[in-house]
Every structure is written in C-alpha cells, then in structure tokens.
Amino acid sequence: MNNKNKIRRVPAKKIAHKIINECDVILMVVDGRNPEGTRNMQLEERIKKEDKKMILVLNKADLVPKHVIEKWSSKFKQENPNTKTVFVSSTNKKGTKILRDDIKYYLQINKINEGKVGVVGYPNVGKSSLINALTGKTSALSGLTAGLTKGEQWIKLTKKIKLLDTPGVIEPKDEDELVMIGAIRYEKIENPVDPAIKILKLLGSFDMDIVRKYCGDTIEINGVEEINEKLIEKIGKKFNFLGKNGIIDMKRTAKYIIKDYQGGKLNYYEVKKKSREQIRSTNIGFITKHLKDFLFIDDANAVVSHLSDIGELSDVKVRKPIIGSKKIDDATVIISFGEKTANAGRKKVEEKAKTDGITLYSQGGGRCGKNRIFMGVGE
C-alpha cells in the first residue's frame, strides 16, 4: 500500500489540540438542528484561553426553520458578544461565502499574511462536508470515524490562507454526551434519568414553552419552574408509566423522553414530516367506458375478467396509480389501477369505499397487461 495514502488513526484529542495550537482561526462546527447538544464548552474555553479566534459554525442550517435560526443567533450573541456565529448549509453551499469573508477579515485586521484555519466538532456534524464546500473540492474524508486522517496535509482556501484538510474531532467524554448526540440509543442506556433531565434543561434553556408543552401541565415545583427528578415523575404520571404498587417507573419514563428527543419528536421546533403517500390520479373514465353495456356489473371478478381481455387497457402504461369511483346503473364501482401489489389495490378500494360511505358487496382483482387492477362493487 502507498504510504502517502495510508489511513491511520490518531487520537481525536491530539488532533484537536494540534489544530488549536497551530491555527489562527478555529471553526467550531455544530449541528444547526441541535447546537447546544453538539457543543463542547470545555474545548471552547480552551480556544478562548489560547486567545484564538473562534467562529461558531451552525451547519445543516437549511434543515432548520428561519425563526429558530434567528433565535439561536440572538441567544449566542447574548451569551458571548465576541463569538462570531455563522449559519451554513454545506450541502447547498449557503453561508460559505460569509464564512470565508469572516475568516479573511479577521486575518486582515490582525495583519496575518498567511493564515491557518482549523476545524473541530463532534462526529456527524458535517466537518468534512464544510471543508469541501469551502474549498470547492473533495479534499476531506467524510465519515463517522473519529480520529481518521490521511497524514498532515494542508490545502489552499485562498492564495494566502490554508486549511487543514482533515478536520479534528471531539470525542464525547461520557455516556450523557453520547446520548445527547445520538451515539447511544435509548434502549441501551443503563442510567437514563440524568441524561433525560439534561435534555429537558437543554430544551428549556432555549425555550421553556417546549418543555411545558411536552409535559402537558405546569412544570412548577413548589412554586418555582424546575427541571429535576420530580418533573420526570410528573411526565411518568402523564404517560401512566407505573411500576409495582403504582409507583412511577422512572427509568421507563426517562427512556421515553430520550427516545422522543433522539427521534425528533421532542425538539427545538416542530418537525413536519413529509408524507410519503404517492399522489394518485382519480380519472377512471378510460376504464369505465368499457363497462357501459356490460351485463354483470354486480360481479367484480366478472368485470375484471372482462376488462383484462380489452387490448386497449392491456397496452396502457400508467405513471402513477389510479383510484376512482363511478355510478353505473344501480351500482357504484371503485377501481384501483396500477398499484404495485394486489393487496395495495384492495386496501385503496376499501379505504375509498369507507370514505365515500359505500358498502361493498363484491370485490375482485387481476391484471390488464402489466397493470394490476382491483375493484369493488357496492351501493
């Protein structure tokens, strides 16, 4: 194997410290969907102690609502007016020009002719993707492996600025941090109460209404808003997580909180999941026109057999499934055409019958050429 391209593992702590020592500007990359949960305050303090310029880069900002981004910006500015915050989408290369300009400006005002820029952050926050977006080429290794490097290579960001092509990483120190970044699944957590409390405190520090809404009740304890074990008990009572003798099951409750957090249900903002339901056409006129004079319209299997013999329908190639209904004589036929499976066609016919208030008395299915057809007849 060529030694030049040989991949070797270097302790993450050693890489991060080397970057801090050698670089003029440090990019602290966090996940824009969960900035607080992916920050490392100890490392940030060390960067400040070394009097190095730190820019807090909130990556994946395209996945976060605008009002949430603005709230984070305000929060970080209040926390430390001297820390620059930049919102970036490495995937869409949005915000990268602002980030480059901030780096150039700092080096210029500090009269640093040949600047060095380093990158640190937890695994999976997009460090390598950020480097590639900044440089405009695939220079950094992307992946989840902490401490992975191809040796010490520097690449040009500009003629006078170079960037470490393989980012330093931060390894979580304890189980709670691993839980916060989703590296340990909720099922495997031995002591879930403490990380559950930390999660609620984290969300509460951003917006207490998030915690209040999740609890479904006031979170006041002895007249003061507190997030502690007593609140976990309240949540357990809300979800009726009872153990022996009617005592709240704290571990089950805490794991439920962590599950909701890791799954995105308990979040800084409401996640609106896109429906994966395929849009279906409702036009079945090209099928029902062949049933105008058909005598056995009450027998679904007979209708399907009749339609399967029509060459015009066998030659039809549908791009998306069709589900529709039509009144023929004294009956109403519901036809599913082009579903991937017979069972899917049956379900669509039954769902439409239920929605339209039609009682089915005959059902049947088959094929018209390469298309599956399923139909129901009712009144």
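The values are calculated or read from the model by the stated rules, or taken from the named source; none is laboratory data. Predicted model, so just to flag it, every value in this text is computed and none were measured. Here the Cβ is made from the backbone with ideal geometry for all residues, glycine too, and neighbour counts use every protein chain on show. Surface accessibility is based on the protein's heavy atoms, side chains included, excluding ligands, DNA and RNA. Shrake-Rupley method; radii C 1.70, N 1.55, O 1.52, S 1.80 Å.
For the reader, a short list of remarks on this structure follows.
- Picking from residues in segment 86-119 that are under 22 Å from the mean Cα position of the chain (by Cα) and of a type in the set (Val, Ile, Thr), the one that is modelled with the lowest pLDDT is Thr91.
- Residue count, segment 364-379 (criterion: open to solvent by 70 Å² or more (accessible area, probe 1.4 Å) and over 41 Å from the mean Cα position of the chain (by Cα)): 1
- Residue that is modelled with the highest pLDDT, among those in segment 183-224 that are part of a loop (DSSP other than H, G, I, E, B) and buried (at least 18 other Cβ atoms within 10 Å of the Cβ): Pro192
- Flag if Thr91 is of a type in the set (S, T, N, Q) and either buried (at least 18 other Cβ atoms within 10 Å of the Cβ) or touching a Lys or Arg at 6+ places or on another chain (Cβ under 7 Å) (or both): no
- Criterion: farther than 30 Å from Tyr214 by Cβ, surrounded by 12 or more Cβ atoms within 10 Å (Cβ to Cβ) and out of contact with any Phe, Trp or Tyr (no Cβ under 9 Å at 6 or more places or on another chain) - qualifying residue of Val318, Val304, Val333: Val333
- Criterion applied to Lys18, Lys13, Lys6 was being at pLDDT 80 or above, surrounded by fewer than 20 Cβ atoms within 10 Å (Cβ to Cβ), of a type in the set (Lys, Arg) and out of contact with any Ser or Thr (no Cβ under 9 Å at 6 or more places or on another chain), and the one residue passing it is Lys18.
- Beta carbons closer than 9 Å, at least 6 apart along the sequence or on distinct chains, pair a first residue in segment 36-59 that is touching a residue at least 60 places away in the same chain (Cβ under 8 Å) with a second that is of a type in the set (Phe, Trp, Tyr) and assigned to a helix (DSSP H, G or I) for Glu36/Trp72; Glu36/Phe206; Gly37/Tyr261.
- Taking residues in segment 263-290 that are over 30 Å from Pro195 (Cβ atoms) and part of a loop (DSSP other than H, G, I, E, B), and partners anywhere that are at pLDDT 90 or above and aromatic (Phe, Trp, Tyr), the pairs with Cβ atoms closer than 8 Å and at least 6 places apart or on different chains are Ile284/Phe337.
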